[in-house]
Amino acid sequence: MATQETKRINPDVAADDIASYQAWQAIPGYQPNNPQYAPDTVQASRGTLDAAQVSEVQAKAAYDAARDNAVKAEWDFHSLMLGVKDQVASQFGRNSNEYQALGLKKKTERKAPTRKKS
């Protein structure tokens, strides 16, 4: 048994387990002494694994779709707010309190450019 059962199993080890399971299915007369390893138990565990992996893939797909929707909504809102800022600037001017209320600097508060002395 693994010492870190909270971490994913190495994909190579998982592939080996699947290959062993498939080979095990072809062994005639398998009757273990320990009932924990009975064919019904092994097959039920494989079914649980398959169901968990399907659920994981579906949840990841749903997460990816939700993330894509959120990213699109963020960009749509950002583009809209850029347009709002432009509209406020055209309606009230770049030196207005309304323009400043949007978090923008008034035109008169900008420092005039100066030449660097060499």
Please state which of the following conditions D12 fails to meet, knowing it meets all the rest: (1) more than 30 Å from the chain's Cα centre (by Cα); (2) surrounded by fewer than 10 Cβ atoms within 10 Å (Cβ to Cβ); (3) modelled with pLDDT of 95 or more. (1)
Conditions (1) surrounded by 10 or more Cβ atoms within 10 Å (Cβ to Cβ); (2) part of a helix (DSSP H, G or I); number of the one not met by Y30: (2)
Which residue, of A51, A66, is farther than 19 Å from I9 by Cβ, modelled with pLDDT of 95 or more, out of contact with any strand residue (DSSP E or B) (no Cβ under 7 Å at 6 or more places or on another chain) and surrounded by 10 or more Cβ atoms within 10 Å (Cβ to Cβ)? A66
Test K105 against the criterion of being among the basic types (K, R), surrounded by 10 or more Cβ atoms within 10 Å (Cβ to Cβ) and assigned to a helix (DSSP H, G or I), and give yes or no. no
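The values are calculated or read from the model by the stated rules, or taken from the named source; none is laboratory data. On a predicted model such as this, the values are computed, not experimentally measured, just so you know. Glycine gets a Cβ as well: all are built from the backbone with ideal geometry, and neighbour counts include every protein chain shown.
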